[in-house]
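Participant: Questions regarding the structure given below will be posed in turn.
The values are calculated or read from the model by the stated rules, or taken from the named source; none is laboratory data. In this text, all values refer to a predicted model and were calculated from it rather than measured experimentally. When we count neighbours, we look across all protein chains shown, and the Cβ atoms used for this are built from the backbone with ideal geometry, even at glycine. Heavy atoms of the whole protein, side chains included, go into the accessibility calculation; ligands, DNA and RNA do not. Shrake-Rupley method; radii C 1.70, N 1.55, O 1.52, S 1.80 Å.
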Amino acid sequence: MHDDAMLSTPTPKAVRVTVPVSPEVLEIFQRLAKAGGMSTGRAMGEWMTDTVEAAELMASTMERARAAPKLVTAELHAMMLGMTDQTKELADKYAKFKGAMAGGPADGDGKRSAAAAAGHPAPVPPSCNTGGKVPEKGKRVKGGKSS
């Protein structure tokens, strides 16, 4: 009989830990769990798994900041300036569009369309390729009223 088989134990896929959280945090994760049809612990675990890269970046940044705070502060400042530049570029790009954006509540003048104000959604094309067409303004819709 070999003792090696008794000494080796399988490595668990997950490790259980106790994590103190505020009642507000618990309530949010309970809602997330209910919406996802899972336990609260699993919802928290999946969230942490999904965000582990951000936690790794933060841990690495904090470790480097302990050794060289001025250098890391300068790096973070440069990163924020870069993000500001990218945000401005996006804002400038979208400022060039005229009229309402798809799904927006207002047209180019900032006023809601008459159909939207009356509670009527915009016509939606069929979800499959049945050959159906979206009715044009003023045309009669099969089985309905004119728009």
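Participant: In region 31-143, which helices (runs of 4 or more DSSP H) lie fully inside it and hold 1 or more residues that are within 30 Å of Ala14 (Cβ to Cβ) and modelled with pLDDT of 95 or more?
Facilitator: So the answer is 40-50, 52-67.
Participant: Quick one: in region 12-40, of everything that is of a type in the set (Gly, Ala, Ser) and either more than 23 Å from Met58 (Cα to Cα) or in contact with a Phe, Trp or Tyr (Cβ under 7 Å, 6 or more places away or on another chain) (or both), which residue is most open to solvent (accessible area, probe 1.4 Å)?
Facilitator: So the residue we want is Ala35.
Participant: Within region 42-59, restricting attention to residues that are of a type in the set (Gly, Ala, Ser) and free of Cβ contacts under 8 Å to residues at least 12 places away in the same chain, which residue is least open to solvent (accessible area, probe 1.4 Å)?
Facilitator: Applying the filter and picking the extreme gives Ala59.
Participant: Go through region 10-25 and report how many residues are at pLDDT 95 or above, within 14 Å of Met48 (Cβ to Cβ) and not in a helix (DSSP H, G or I).
Facilitator: Result for region 10-25: 1.
Participant: Here is a list: Thr87, Thr49, Thr73. Which entry is under 26 Å from Val17 (Cβ atoms) and among the hydroxyl-bearing types (Ser, Thr, Tyr)?
Facilitator: It is Thr49.
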